[in-house]
Amino acid sequence: YEVHLERVVGGPGRENGVLLSFMDVKQHEEAGQMRSDFVANVSHELRTPLTALTGFIETLRGPARDDVEARDRFLGIMEAEGKRMNRLVSDLLSLSRVEDMARIRPTDSVDVLAVLQSVRNALSQTAETKGVTISIESQIEPPVQIAGDLDQLAQVFTNLIENALKYGRLGGGVSVVISRMPMMPAFKGPAICVSVKDDGPGIAEHHLSRLTERFYRVDNHRSRELGGTGLGLAIVKHIINRHRGRLRIESDEGQGSKFSVLLRDDL
Ligand code: ADP
């Protein structure tokens, strides 16, 4: 607490007094700390590719100047690092956009199955390179309509399916299932559930509650190697919160992971 002591002069005919005020500054300090941690994280994430870029430029100017093979390899790495910075900046922009909009509730009517099908189309090439099949099953008679923001829900499903492709098994399967829960206690009403399941190595229990923190990664090296920014699930969480929904993560090590998005079925 911050304590302020102030003398109050009452004026003609009134008594003088003392005003003692207590201000709870803990929340304010915590918010400040989180902000500076975030800035430190972002700077670190941007510095890594920048260091690589400047390092390779120096090498290309100097020792590798006349080595055609090395030049091609280094340019390839530089391109990948540039793309990583691009992804990081666009994820940061997405995150700040959804944070800004947190108070406005999305109300468009969104066809869940159609969104999932277009996300699958957009990711079909990535799936093909990994030899992974993405199946979509609706246990509810289509159309499945919910109140939401089309672009943002597409982003949620893109991030979850991309992760399933990234961390799942090569040549494996990603299964997306739409179902209805007649009563979700937290919503005091029915819910539409979209689950994205992979058959990858899974995630150890103690990581599960932290996965949606910005820049939290189970395996830093692997995430970077696969081109991750560490922001995908933080964005997912924010968008779902905005829809007053829930994200449920279940995983058995060695058996794959399941990310379920629960949305209010109140249209
Ligand atoms: P990233 O860009 O690193 O993938 P995310 O926020 O999307 O960032 O995910 C955070 C971390 O959660 C990942 O680095 C990875 O360790 C873990 N993760 C996410 N999805 C899966 C999955 N389907 N299987 C295993 N691990 C996953």
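The values are calculated or read from the model by the stated rules, or taken from the named source; none is laboratory data. These numbers come from a predicted model, not from an experiment. For neighbour counting, all protein chains shown are included, and Cβ atoms are generated from backbone atoms with ideal geometry for every residue, glycine included. Areas reflect the complete protein model, heavy atoms only, side chains present, ligands, DNA and RNA absent. Shrake-Rupley method; radii C 1.70, N 1.55, O 1.52, S 1.80 Å.
Exactly one residue among L263, L208, L247 is in contact (Cβ under 8 Å) with a residue 40 or more places away in the chain, under 23 Å from T107 (Cα atoms), of a type outside the set (D, E, K, R) and touching a strand residue (DSSP E or B) at 6+ places or on another chain (Cβ under 9 Å), and that residue is L263. When you look at L160, is it more than 16 Å from the ligand (Cβ to nearest atom), hydrophobic (A, V, I, L, M, F, W, C) and in a helix (DSSP H, G or I), yes or no? Here the answer is no, as L160 does not meet what is asked. Of the residues making up the range 220-257, those that are open to solvent by 70 Å² or more (accessible area, probe 1.4 Å), out of contact with any Phe, Trp or Tyr (no Cβ under 9 Å at 6 or more places or on another chain) and within 25 Å of R87 (Cα to Cα) are N220, H221, E225, K237, N241.
Among the residues of the range 102-145, just one is in a strand (DSSP E or B), open to solvent by 70 Å² or more (accessible area, probe 1.4 Å) and within 14 Å of A164 (Cα to Cα), namely T133. For the range 225-244, a tally of residues being more than 8 Å from the ligand (Cβ to nearest atom) and touching a residue at least 40 places away in the same chain (Cβ under 8 Å) returns 7. Quick check on V174: is it touching a Gly at 6+ places or on another chain (Cβ under 8 Å), outside any helix (DSSP H, G or I), under 24 Å from A114 (Cα atoms) and within 16 Å of the ligand (Cβ to nearest atom)? So V174 fits the description; yes.
Residues that are within 16 Å of the ligand (Cβ to nearest atom) and under 21 Å from the mean Cα position of the chain (by Cα): does the range 186-194 have at least one? Yes, the range 186-194 contains at least one residue that is within 16 Å of the ligand (Cβ to nearest atom) and under 21 Å from the mean Cα position of the chain (by Cα).
Among the residues making up the range 211-224, a single one is more than 6 Å from the ligand (Cβ to nearest atom) and either in contact with a strand residue (DSSP E or B) (Cβ under 8 Å, 6 or more places away or on another chain) or among the β-branched types (V, I, T) (or both): T212. Residues in the range 196-226 that are more than 14 Å from the chain's Cα centre (by Cα) and on the phi > 0 side of the Ramachandran plot: G202 alone.
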